[in-house]
1. For the stretch 44-68, enumerate the residues that are assigned to a strand (DSSP E or B) and out of contact with any Leu (no Cβ under 8 Å at 6 or more places or on another chain).
2. Tell me the residue from GLU86, GLU48, GLU21, GLU58 that is closer than 14 Å to VAL109 by Cβ, loosely packed, with under 13 Cβ neighbours inside 10 Å and of a type in the set (D, E, K, R), please.
3. Please work out which residue is surrounded by the most Cβ atoms within 10 Å (Cβ to Cβ), limiting yourself to the stretch 165-194 and to residues that are among the polar types (S, T, N, Q) and farther than 18 Å from PHE95 by Cα.
4. Take the stretch 148-169 and flag every residue that is more than 14 Å from ARG47 (Cβ to Cβ) and touching a helix residue (DSSP H, G or I) at 6+ places or on another chain (Cβ under 7 Å).
5. Determine the pairs where a residue that is over 19 Å from ASN189 (Cβ atoms), located within the stretch 11-28, has a partner that is assigned to a helix (DSSP H, G or I) with Cβ atoms under 6 Å apart, the partner being 6 or more residues away or on another chain.
6. Using the structure shown, decide if LEU113 is part of a strand (DSSP E or B), modelled with pLDDT of 95 or more and touching a Lys or Arg at 6+ places or on another chain (Cβ under 6 Å).
7. I'd like to verify a number: residues in the stretch 124-137 that are within 13 Å of ILE187 (Cβ to Cβ) and either among the hydrophobic types (A, V, I, L, M, F, W, C) or touching a Lys or Arg at 6+ places or on another chain (Cβ under 7 Å) (or both), how many?
8. Among the residues of the stretch 134-193, which ones are charged (D, E, K, R) and either in a strand (DSSP E or B) or touching a Gly at 6+ places or on another chain (Cβ under 7 Å) (or both)?
Amino acid sequence: MHHTIQLTPFYLEHQLNKEVEQGLNLDTWRGILLNSFMKGDFRKGYREGVKILPLHLEGTGVSIKHKTVTIQPTDTLKAAFASRIEGETPRKKIFIDRTHAELEDAKYVFAVLYNKSVLAEDGDFIESDWGVVTHLTSMTDEVEPMQPETLIANHFQLDGGTSTKMNPRYFEEMLDISVNFWKDKVIANILEVS
């Protein structure tokens, strides 16, 4: 059976446009996603209809910065209360500013794919079978846990959150893993240096 993939509007607006602004070629990125998708090397996502796709960047000349930063006592954290995309209820976000040069290239990059039926649950309709909703970076072969705020927004289906379909016990287990991983980490906001 032949399956199709596309970039979701959320992904294009919320995350990918920032990478393009920092020099990522959109056509090259689409090619990487398609080539990786065709290899079929999927991992199980957090629920039925969600897959994790390891991206094969070798030989492409593409690198993505790893934005997970371990907080140091001397670091200054920042906060914002903003919508991720136009029309979505604002969310609080804690982050740290870093320049491109201060961040390492990710050793592993993963695309998170939602099946069209999962996207349709939230009123997001796509033509393809699978939609890319985000990409994640890691310094190891393991996907970093979903941030607690994201897991909670998804589980309780806050605006922009897709139901986890987790029973209470599994949700608590995943939240425990998430909190313990993220308790001393934040995502970097990459500063533009002129």
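The values are calculated or read from the model by the stated rules, or taken from the named source; none is laboratory data. Here the structure is a predicted model, which means the values were calculated and not measured. Here the Cβ positions follow ideal geometry from the backbone for every residue, glycine too, while neighbour counts run over all protein chains shown.
1. LYS44, PRO54, THR68, listed by residue number.
2. Values: GLU86 fails: closer than 14 Å to VAL109 by Cβ; GLU48 fails: closer than 14 Å to VAL109 by Cβ; GLU21 fails: closer than 14 Å to VAL109 by Cβ.
Being closer than 14 Å to VAL109 by Cβ, loosely packed, with under 13 Cβ neighbours inside 10 Å and of a type in the set (D, E, K, R) holds for just one of GLU86, GLU48, GLU21, GLU58, which is GLU58.
3. From the stretch 165-194, those among the polar types (S, T, N, Q) are 167, 178, 180, 189, 194; that's our starting set.
Those still in the list that are farther than 18 Å from PHE95 by Cα too: 167, 194.
Values: ASN167: 9, SER194: 3.
The residue in question is ASN167.
4. Once the filter is applied, which keeps residues that are more than 14 Å from ARG47 (Cβ to Cβ) and touching a helix residue (DSSP H, G or I) at 6+ places or on another chain (Cβ under 7 Å), the stretch 148-169 yields PRO148, GLY160.
5. These pairs meet every condition: LEU26/VAL20.
6. Numbers: part of a strand (DSSP E or B): yes; modelled with pLDDT of 95 or more: yes; touching a Lys or Arg at 6+ places or on another chain (Cβ under 6 Å): yes.
The answer is yes for LEU113.
7. Total meeting the criteria: 2.
8. The first filter runs over the stretch 134-193 and keeps only residues charged (D, E, K, R), leaving 141-142, 144, 149, 159, 165, 169, 172-173, 176, 183-185, 192.
Matches in the stretch 134-193: LYS185 only.
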